[in-house]
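One structure below.
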Amino acid sequence: MIVSITGATGFIGRRLVQKLAEGDHEVRVLTRSKENAKLLFPVEKFPKITIAGEFEWKDCIQGSTAVVNLAGMPISTRWSSEVKKEIKDSRTRVTSKVVDLINGTSYDTRPSVLISATAIGYYGTSETKVFDERSPSGNDYLSEVCRVWEAKALGVDKDVRLALIRIGVVLGKEGGALAKMIPFFMMFAGGPLGSGNQWFSWIHLDDLVNLILEALKNPSYKGVINGTAPNPVKLTEMCEKLGEVTGRPSWLPVPDFALKAMLGEGATIVLDGQKVLPLKAQELGFSFKYPYVRDALKAIISL
Ligand SMILES: NC(=O)c1ccc[n+]([C@@H]2O[C@H](COP(=O)([O-])OP(=O)(O)OC[C@H]3O[C@@H](n4cnc5c(N)ncnc54)[C@H](OP(=O)(O)O)[C@@H]3O)[C@@H](O)[C@H]2O)c1
């Protein structure tokens, strides 16, 4: 495959690029900063990679067999009104650009598949409801972001297979929520964040990347697909398991205010959760390497 990727320099993108490169596929990194991308993907280690700044995206998308769209300003930050605007605008801007570039490509050089990221924030938050791909959207800020983000991706011409991956909280060592949570958790001797009663719909980074790889190759992967593990947990359980694998007892609750002080409104992704099941991935027969959170955490902590 020849795969063009936006957000390739991020937490998920870096692992995806690595996996594609290992599989001898050609990768085109579509970035805002070529300098930064060149540091992350040195040519000696990644000889088959093309690194393209924004003016070169068009030439890269033309002739690619697939596009993966992961770009967006991180949400685990303090949310000023400007930040909130950019969280939404960055996603709609890049997705629109990618879709326009694909649609503007002649049929013989057009990618046949677009995998576009979105998030389980689409469903809103709840302690009692269970969400799958058929569930309606929520009515908070993040659900609105996801709706407009997905709407832009849906603008791709119908001959291009579109898979929208509604991603859960991705667990990995080198980024995402867990990397932020671990030092915090250690500082408070471990314990649930906030009430601990909220749902935590997580996925191991390797499983998410495998899901994207499968979606690239398998024509049955189309439409909305939740990118979450089959066994979401309450945050209390997640913290207990984290305590077990880090050898720390989980007994002191981490106060909401401390997490909010660090993450601002971005803390909502951990403090107000949702239970999201990967119905579609399971129907498609996708095999999760890490269906249980303890195994996922153990694999990550032992790295
Ligand atoms: N990690 C998770 O737990 C999680 C959960 C749900 C959904 N997602 C979604 O999945 C996607 C990838 O996640 P990630 O954790 O890998 O993200 P990430 O590490 O924050 O990387 C995202 C990439 O987006 C680009 N970017 C950052 N700010 C931007 C801006 N203002 N305008 C345009 N592009 C910008 C950057 O690439 P360049 O600098 O190379 O352009 C960056 O490397 C994101 O859209 C995220 O919302 C992630």
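Look through S64, S4 and report the one residue that is touching a strand residue (DSSP E or B) at 6+ places or on another chain (Cβ under 7 Å), in a strand (DSSP E or B), surrounded by 15 or more Cβ atoms within 10 Å (Cβ to Cβ) and hydroxyl-bearing (S, T, Y). I'd like the intermediate steps shown before the answer.
Values: S64 fails: in a strand (DSSP E or B).
Answer to the selection: S4.
Select, from K217, K180, K222, the only residue that is surrounded by fewer than 22 Cβ atoms within 10 Å (Cβ to Cβ) and at pLDDT below 90. Spell out how you get there, then give the answer.
On the way: K217 fails: at pLDDT below 90; K222 fails: at pLDDT below 90.
It is K180.
Identify, from the list E54, E82, E86, the residue that is within 13 Å of the ligand (Cβ to nearest atom), surrounded by fewer than 19 Cβ atoms within 10 Å (Cβ to Cβ) and closer than 15 Å to V29 by Cα.
Details: E82 fails: closer than 15 Å to V29 by Cα; E86 fails: closer than 15 Å to V29 by Cα.
Answer to the selection: E54.
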- Considering only the stretch 148-160, state which residues are touching a strand residue (DSSP E or B) at 6+ places or on another chain (Cβ under 9 Å) and either part of a loop (DSSP other than H, G, I, E, B) or away from the ligand (no atom under 14 Å from the Cβ) (or both). L154, V156, V160
- Any chance the stretch 192-205 includes a residue that's at pLDDT 95 or above, crowded, with 22+ Cβ neighbours inside 10 Å and either closer than 27 Å to N103 by Cβ or out of contact with any strand residue (DSSP E or B) (no Cβ under 8 Å at 6 or more places or on another chain) (or both)? no
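Condition check: outside any loop (DSSP other than H, G, I, E, B), farther than 24 Å from N218 by Cα and not aliphatic (A, V, I, L, M). Does D89 satisfy that? I'd like the intermediate steps shown before the answer.
Working: outside any loop (DSSP other than H, G, I, E, B): yes; farther than 24 Å from N218 by Cα: yes; not aliphatic (A, V, I, L, M): yes.
For D89, the condition - outside any loop (DSSP other than H, G, I, E, B), farther than 24 Å from N218 by Cα and not aliphatic (A, V, I, L, M) - is met.
What residue, among those in the stretch 161-176 that are more than 6 Å from the ligand (Cβ to nearest atom) and in contact with a Leu (Cβ under 6 Å, 6 or more places away or on another chain), is nearest to V145 (Cα to Cα)? Write out each step before concluding.
Here is the first cut: in the stretch 161-176, the ones more than 6 Å from the ligand (Cβ to nearest atom) are 161-166, 168, 171-174.
Filter again for in contact with a Leu (Cβ under 6 Å, 6 or more places away or on another chain), leaving 162, 171-173.
Working: L162: 19, L171: 22, G172: 24, K173: 27 Å.
So the residue we want is L162.
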- Task: Take L16 and decide whether it is on the phi < 0 side of the Ramachandran plot, buried (at least 16 other Cβ atoms within 10 Å of the Cβ) and in a helix (DSSP H, G or I).
- Result: yes
- Which of the residues spanning the stretch 61-79 are within 13 Å of the ligand (Cβ to nearest atom) and in contact with a Ser or Thr (Cβ under 8 Å, 6 or more places away or on another chain)? V68, N69, L70, A71, G72, M73
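The values are calculated or read from the model by the stated rules, or taken from the named source; none is laboratory data. Owing to the predicted nature of the structure, the values given are computational and were not obtained by experimental measurement. So basically every Cβ, Gly included, is an ideal-geometry build from the backbone, and we count neighbours across all protein chains shown.
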